[in-house]
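Student: Just dropping this structure here.
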Amino acid sequence: MLNDAFSHQLPDIDPGETQEWLDSLEAVVEHRGKARARYLLARLGEAAHAGQLGVAASVWTPYINTIPTDVQPWFPGDFEMERRIRAFIRWNAVAMVIRANRASPGIGGHLATYASSAALYEVGFNHFFRGQADGTPGDHVYIQGHASPGIYARAFLEGRFDEADLDRFRLDIDTPDRSGRGLTSYPHPHMMGDFWQFPTVSMGLGPINSIYQARFDRYLHNRRIDDTSNSRVWAFIGDGEVDEPETLGAINLAAREGLDNLTWVINCNLQRLDGPVRGNNKIIQELEGVFRGNGWNVIKVVWGAAWDELLANDVDGVLLEKMNTTVDGEFQRYATESGAYIREHFFGPDPRLRKLVEHLSDEELQSLPRGGHDYSKVYAAYRSATEMAGAPTVILAKTVKGWALGSKVEGRNSTHQIKKMDTEQLRELRQRLHLESDVSEEAIADGDPPYLRFSEDSPEHRYLMERRRNLDGPLPARSLPVRRGLGAVEDHTWDELLSGSNGQQVSSTMAFTRLLRSLARDQTVGDRVVPIVPDEARTFGMDALFRELEIYAAQGQRYEPVDHHLLLSYVESAQGQILEEGITEAGSMASWTAAATSYATTGVPMLPFFIFYSMFGFQRVGDLIWAAGDARARGFLLGATAGRTTLAGQGLLHTDGHSP
């Protein structure tokens, strides 16, 4: 419910005209219905926006695709070729997990996540994600952790892994009886340092890290350290993952800084591990409101192309109303039911709805696709995101968890835990993927599915490799060489620290601040120093650096600070060096991780220092520190103002865990 009563606080210069408008709206509702009234209001809103009247846009739009069919761009790829490649990847992803669990019962793995998101990844790999083969950073792609089997399966088709490697899924420790290379459960750069770019499977860490990675790319660019204008950050996120505070906690930063180099793809398959994400509501609508309210560009990909004709014929708005009012728990049920059930319960209650689909068979109703499985719809969304200027984009793609895995897997509450499939289920999968001529009955008779691979001279293999060559090589990959080396610190930079304090009492925090200033002045490494503080610089005595190093602000400083006349004034600049993150240890740690892994992501080593309030800072970012270690971060974490030495006088509030 919205309570927008602000209009009553403004003067009405023509009450008569106002009443005429209100009467007209009431007449439309009475004679043409609420759907028509909503349509007219929506058109008025669009006209107001086009006329730059300063009218706030609604945070919710109807439960349909954001991009209209008539402006949907032409798909540049080969539909059938990419469908067949995708089928091989889907099959191999399933085969890898099944074989792993047959060889080592209980070893785990996930079938359903990649099954629901295969099209989301493949559109990116074939048309958008830029690699590093040309020596530039390319794109930074945060893969949803549970989708790793599909990523390994694609690398297998590219020749980056062989069958022995796939059979080492989740068996990443080498033993004498194992051949091949161990493949980690999830994206782990620490274990697979030439393959995975970012660790993501701890829920919420990938999303927040992706935001600060995009911001750090802009930081490097604005400070003229490196040209990152051609790099885009993509983050793939599950709809259940948005409940983690770290997932949505920093999205306002992305909008505030205009990070149009950032695209999130949220796989809205409506399910988490135990059941529906929002059974009694609609997760896509909820997230649309959250992101639009925070200034993001939101693109909804809800329905596949087969729905376009139905919506075009919906002259009474009854289909749209049904879409808007059906909750996710019901949509999940429809994904598991027959076409007859869908006809009776979704289209059946209203004769106008039933008439819309009277020309469709039950089988056709059952196969009406969700938008996240429609290649052309996904391509249109990605292209629109890359063309967006001034704001980050989130794509809300509706899918079915376990898509194409068969009737015993698709959309079931237990789907996430399913690791095995019997011969009958493999037959159904083979049929769904149109692989009857590629997988023989004998090959699956024992329930141990074979891996599929195109020959190197096949049209499919040539197409697969050509697409990646056109996009500068394979991804994920972590093989970028250092492009802008980091020299040694000049000897005289240490002079002040080594000369001592000349008898003056100096805290370790104060000594560090002086060292930091000396390092920033160093002619060799000075511009690579990245001080990061979570709104505690004055506590640490670092405010002396505000004017000298300046605080990074993408928009510069558009105001005159209250202390402008002081020597230690608060100075912001688009070329500022200090990352003043505000009261967010998690955000500061994500910012530090981006800087500390810059040597690998951009080929430009940096010297980041995260200075946190020791008694509070560390305990709040333990999981992000783990992720930074997994990402092979290189930098300095400092707990400043240790309570035991300088704040014990405040009692147990600030003793940093030590006894009084």
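Student: Tell me, yes or no, whether region 192-214 has at least one residue that is buried (at least 18 other Cβ atoms within 10 Å of the Cβ), part of a loop (DSSP other than H, G, I, E, B), without any contact (Cβ under 8 Å) to a residue 60 or more places away in the chain and more than 19 Å from the chain's Cα centre (by Cα).
Tutor: no
Student: Just give me the residues in region 581-603 being buried (at least 21 other Cβ atoms within 10 Å of the Cβ) and not in a helix (DSSP H, G or I), in sequence order.
Tutor: Within region 581-603, GLU581, THR597, THR602 qualify.
Student: To continue, here is another question. Report, by residue number, each residue of region 56-77 that is farther than 22 Å from GLU286 by Cα and either outside any loop (DSSP other than H, G, I, E, B) or of a type in the set (Val, Ile, Thr) (or both).
Tutor: THR69, ASP70, VAL71
Student: Would you confirm whether any residue within region 85-106 is at positive phi, in contact with a strand residue (DSSP E or B) (Cβ under 9 Å, 6 or more places away or on another chain) and not in a helix (DSSP H, G or I)?
Tutor: Looking for residues that are at positive phi, in contact with a strand residue (DSSP E or B) (Cβ under 9 Å, 6 or more places away or on another chain) and not in a helix (DSSP H, G or I), one finds none in region 85-106, hence no.
Student: While we're here: Within region 523-547, work out how many residues are in a loop (DSSP other than H, G, I, E, B) and either within 16 Å of SER588 (Cβ to Cβ) or of a type outside the set (D, E, K, R) (or both).
Tutor: Qualifying residue count, region 523-547: 13.
Student: Quick one: in region 399-427, of everything that is open to solvent by 60 Å² or more (accessible area, probe 1.4 Å) and not in a loop (DSSP other than H, G, I, E, B), which residue is nearest to ASN269 (Cα to Cα)?
Tutor: For region 399-427, the residue satisfying everything is GLN417.
Student: Can you name the condition, by its number, that THR493 falls short on among (1) part of a helix (DSSP H, G or I); (2) more than 30 Å from the chain's Cα centre (by Cα); (3) free of Cβ contacts under 8 Å to residues at least 24 places away in the same chain; (4) farther than 18 Å from VAL94 by Cα?
Tutor: Among (1) part of a helix (DSSP H, G or I); (2) more than 30 Å from the chain's Cα centre (by Cα); (3) free of Cβ contacts under 8 Å to residues at least 24 places away in the same chain; (4) farther than 18 Å from VAL94 by Cα, the lone unmet condition for THR493 is (3).
Student: Is one or more of the residues making up region 178-187 at positive phi, crowded, with 22+ Cβ neighbours inside 10 Å and of a type outside the set (Asp, Glu)?
Tutor: no
Student: Counting just the residues of region 561-580 that are among the small types (Gly, Ala, Ser) and part of a loop (DSSP other than H, G, I, E, B), which one comes out surrounded by the fewest Cβ atoms within 10 Å (Cβ to Cβ)?
Tutor: Filtering first and then ranking leaves SER569.
Student: Find all pairs meeting these conditions: Cβ atoms under 7 angstrom apart; at least six residues apart or on different chains; first residue within region 278-293 and assigned to a loop (DSSP other than H, G, I, E, B); second residue crowded, with 23+ Cβ neighbours inside 10 Å.
Tutor: As it stands, the answer is ARG278/ASP328; GLY279/ASP328; ASN281/ASP328; LYS282/ASP328, since those pairs meet every condition given.
Student: Which residues, counting only those in region 466-502, are at positive phi and open to solvent by less than 80 Å² (accessible area, probe 1.4 Å)?
Tutor: ASP472, GLY473, GLY500
Student: Also, quick follow-up: Consider only pairs whose beta carbons are under 8 Å apart and that are at least six residues apart or on different chains; among these, list those whose first residue lies in region 8-33 and is closer than 30 Å to VAL315 by Cβ and whose second residue is of a type in the set (Gly, Ala, Ser) and in a loop (DSSP other than H, G, I, E, B).
Tutor: Qualifying pairs under 8 Å: GLY33/GLY317.
Student: While we're looking at this one, here's another question. Just need a number here: residues in region 429-461 that are basic (Lys, Arg) and either open to solvent by 70 Å² or more (accessible area, probe 1.4 Å) or in contact with a strand residue (DSSP E or B) (Cβ under 8 Å, 6 or more places away or on another chain) (or both).
Tutor: 2
The values are calculated or read from the model by the stated rules, or taken from the named source; none is laboratory data. None of the values given here were measured: they were computed from a predicted structure. Counting neighbours? That spans all protein chains shown, and the Cβs are built from the backbone with ideal geometry, glycine included. Side chains are part of the model used for accessible areas, which takes the heavy atoms of the whole protein and leaves out ligands, DNA and RNA. Shrake-Rupley method; radii C 1.70, N 1.55, O 1.52, S 1.80 Å.
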